[in-house]
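*Asks:* Okay, handing you the structure first.
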Amino acid sequence: DAGVTQSPTHLIKTRGQHVTLRCSPISGHKSVSWYQQVLGQGPQFIFQYYEKEERGRGNFPDRFSARQFPNYSSELNVNALLLGDSALYLCASSIGQISYNEQFFGPGTRLTVL
Amino acid sequence: QKEVEQNSGPLSVPEGAIASLNCTYSDRGSQSFFWYRQYSGKSPELIMSIYSNGDKEDGRFTAQLNKASQYVSLLIRDSQPSDSATYLCAVFRGTSYGKLTFGQGTILTVHP
């Protein structure tokens with residue numbers, strides 16, 4: 001079975017631009033969570049989506065938004081990029097909203113903002 | 001106080017030794033606990049999950065949970081150079097949504 005997929009792998013943007021990151025969960029998984037990981041730190045929670053609805057939001061500005069589609073894939077959008085948005089963006093897939101919440105990560109999208 | 005704290009690294013052990021990784025958490029309502037392994041430049045990989053007090057063994061890995069002490073650990077027996085990575089402790093509170101809270105990670109180096 002295919003794991004979590006993310007695209008693109010790498011992205012270079014300039015300050016003020018907008019970016020869209022994409023994620024497809026493991027087949028049969030209905031929940032997608034997004035995390036930001038900066039170098040030397042653990043991932044920080046951005047959003048969780050379950051059944052196409054936002055179920056949780058971390059401490060990130062409104063420049064960050066996301067959505068989930070009927071096929072459970074998801075997009076993360078970041079507007080007005082700042083240098084500090086440079087990070088590895090991780091998508092995690094899980095079966096349901098809670099259960100035991102085992103989350104499986106995709107390969108990530110490395111975003112560089114110049 | 002950080003929500004999830006891991007023992008400061010880096011941790012260096014010889015091949016064949018036991019590596020011990022520790023994690024404490026502040027929220028007593030936490031229900032599920034996870035260890036992820038992250039190789040340099042890669043994404044985290046789930047290696048252990050533990051939900052109740054005690055030990056859970058999977059191959060060379062043993063996770064230990066003590067909710068009263070708010071402490072979770074990971075032991076790696078017969079450490080191999082391929083175990084060299086950053087190990088991330090993650091905690092799930094079990095509220096209405098699936099937020100994992102991660103520690104900062106511990107870098108483990110296993111030298112031949």
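The values are calculated or read from the model by the stated rules, or taken from the named source; none is laboratory data. Predicted, not measured: the structure shown is a model, and the values here were computed from it. FYI the Cβ positions are ideal-geometry reconstructions off the backbone, even for glycines, and counts take in every protein chain you see.
*Asks:* Can you tell me which residue is farthest from B:D27 (Cα to Cα) among those in region B:91-111 that are of a type in the set (S, T, N, Q) and more than 10 Å from chain A (Cβ to nearest Cβ)? Please lay out each step first, then the result.
*Replies:* Filtering region B:91-111 down to residues of a type in the set (S, T, N, Q) leaves B:95-96, B:101, B:104, B:106, B:109.
Subset that is more than 10 Å from chain A (Cβ to nearest Cβ): B:106, B:109.
Working: B:T106: 20, B:T109: 30 Å.
Filtering first and then ranking leaves B:T109.
*Asks:* Evaluate the following for A:F69: is it among the aromatic types (F, W, Y) and at pLDDT 95 or above? Before you say what the answer is, go through the steps one by one.
*Replies:* Values: among the aromatic types (F, W, Y): yes; at pLDDT 95 or above: yes.
Considered against the rule, which asks whether it is among the aromatic types (F, W, Y) and at pLDDT 95 or above, A:F69 comes out as yes.
*Asks:* So which of B:L88, B:L75 ends up being closer than 27 Å to A:P107 by Cα, within 14 Å of chain A (Cβ to nearest Cβ), part of a strand (DSSP E or B) and hydrophobic (A, V, I, L, M, F, W, C)? Reasoning before the result, please.
*Replies:* Details: B:L75 fails: within 14 Å of chain A (Cβ to nearest Cβ).
Selected residue: B:L88, the only one of B:L88, B:L75 that is closer than 27 Å to A:P107 by Cα, within 14 Å of chain A (Cβ to nearest Cβ), part of a strand (DSSP E or B) and hydrophobic (A, V, I, L, M, F, W, C).
*Asks:* Filter region B:1-26 down to the residues that are farther than 17 Å from B:Q64 by Cβ and within 14 Å of chain A (Cβ to nearest Cβ) and list them by number.
*Replies:* Filtering region B:1-26 for residues farther than 17 Å from B:Q64 by Cβ gives B:1-3, B:8-10, B:12-17, B:26.
If the condition is that a residue be farther than 17 Å from B:Q64 by Cβ and within 14 Å of chain A (Cβ to nearest Cβ), then B:K2, B:E3, B:S8, B:G9, B:P10 are the ones that fit.
*Asks:* Does region B:40-48 contain any residue that is hydroxyl-bearing (S, T, Y), surrounded by 15 or more Cβ atoms within 10 Å (Cβ to Cβ) and in contact (Cβ under 8 Å) with a residue 60 or more places away in the chain? Show your work before the answer.
*Replies:* Applying the first criterion (hydroxyl-bearing (S, T, Y)) to region B:40-48 yields B:40, B:43.
Pick out the ones that are also surrounded by 15 or more Cβ atoms within 10 Å (Cβ to Cβ) and you get B:43.
Add one more test, that the residue is in contact (Cβ under 8 Å) with a residue 60 or more places away in the chain, and what stays is none.
The answer is no; no qualifying residue exists.
*Asks:* Oh, and also: Looking only at residues that are outside any loop (DSSP other than H, G, I, E, B) and either at pLDDT below 95 or not hydroxyl-bearing (S, T, Y) (or both) in region B:7-31, which one is surrounded by the most Cβ atoms within 10 Å (Cβ to Cβ)? Can you show your working first?
*Replies:* As a first pass, look at region B:7-31 and keep what is outside any loop (DSSP other than H, G, I, E, B): B:11-14, B:19-25.
Remaining after also requiring either at pLDDT below 95 or not hydroxyl-bearing (S, T, Y) (or both): B:11, B:13-14, B:19, B:21-23.
On the way: B:L11: 16, B:V13: 17, B:P14: 10, B:A19: 23, B:L21: 22, B:N22: 17, B:C23: 25.
If we take residues in region B:7-31 being outside any loop (DSSP other than H, G, I, E, B) and either at pLDDT below 95 or not hydroxyl-bearing (S, T, Y) (or both), then B:C23 is surrounded by the most Cβ atoms within 10 Å (Cβ to Cβ).
*Asks:* OK, next. Tell me which residues, restricted to region A:45-73, are away from chain B (no Cβ under 12 Å) and basic (K, R).
*Replies:* Scanning region A:45-73 gives A:K52, A:R63, A:R67.
*Asks:* Pick from A:G28, A:G40, A:G96: which is in contact (Cβ under 8 Å) with a residue 40 or more places away in the chain, surrounded by fewer than 17 Cβ atoms within 10 Å (Cβ to Cβ), in a loop (DSSP other than H, G, I, E, B) and within 12 Å of chain B (Cβ to nearest Cβ)? Show your work before the answer.
*Replies:* Working: A:G28 fails: within 12 Å of chain B (Cβ to nearest Cβ); A:G40 fails: in contact (Cβ under 8 Å) with a residue 40 or more places away in the chain.
Testing whether each residue is in contact (Cβ under 8 Å) with a residue 40 or more places away in the chain, surrounded by fewer than 17 Cβ atoms within 10 Å (Cβ to Cβ), in a loop (DSSP other than H, G, I, E, B) and within 12 Å of chain B (Cβ to nearest Cβ) leaves just A:G96.
*Asks:* Those residues that are crowded, with 16+ Cβ neighbours inside 10 Å and either within 20 Å of A:I26 (Cβ to Cβ) or touching a residue at least 24 places away in the same chain (Cβ under 8 Å) (or both), I need them from region A:46-72; list them, please.
*Replies:* A:I46, A:F47, A:Q48, A:Y49, A:Y50, A:R55, A:G56, A:F60, A:A66, A:Q68, A:Y72
*Asks:* Here's a follow-up. Spot the failing condition for A:Q6; the list is (1) touching a residue at least 24 places away in the same chain (Cβ under 8 Å); (2) in contact with an Asp or Glu (Cβ under 8 Å, 6 or more places away or on another chain), and only one is missed.
*Replies:* If we test A:Q6 against (1) touching a residue at least 24 places away in the same chain (Cβ under 8 Å); (2) in contact with an Asp or Glu (Cβ under 8 Å, 6 or more places away or on another chain), just (2) comes out false.
*Asks:* Here's another thing I want to ask about it. Hey, among the residues in region B:45-65 that are within 11 Å of chain A (Cβ to nearest Cβ) and hydrophobic (A, V, I, L, M, F, W, C), which one's nearest to B:A85 (Cα to Cα)?
*Replies:* Among residues in region B:45-65 that are within 11 Å of chain A (Cβ to nearest Cβ) and hydrophobic (A, V, I, L, M, F, W, C), the one nearest to B:A85 (Cα to Cα) is B:L46.
*Asks:* In region B:16-39, what residues are of a type in the set (G, A, S) and either touching a residue at least 60 places away in the same chain (Cβ under 8 Å) or touching a helix residue (DSSP H, G or I) at 6+ places or on another chain (Cβ under 9 Å) (or both)? Explain how you work it out, then say what you get.
*Replies:* Narrowing region B:16-39 to residues of a type in the set (G, A, S): B:16-17, B:19-20, B:26, B:29-30, B:32.
Within region B:16-39, B:G16, B:A17, B:A19, B:G29, B:S30, B:S32 meet the criteria.
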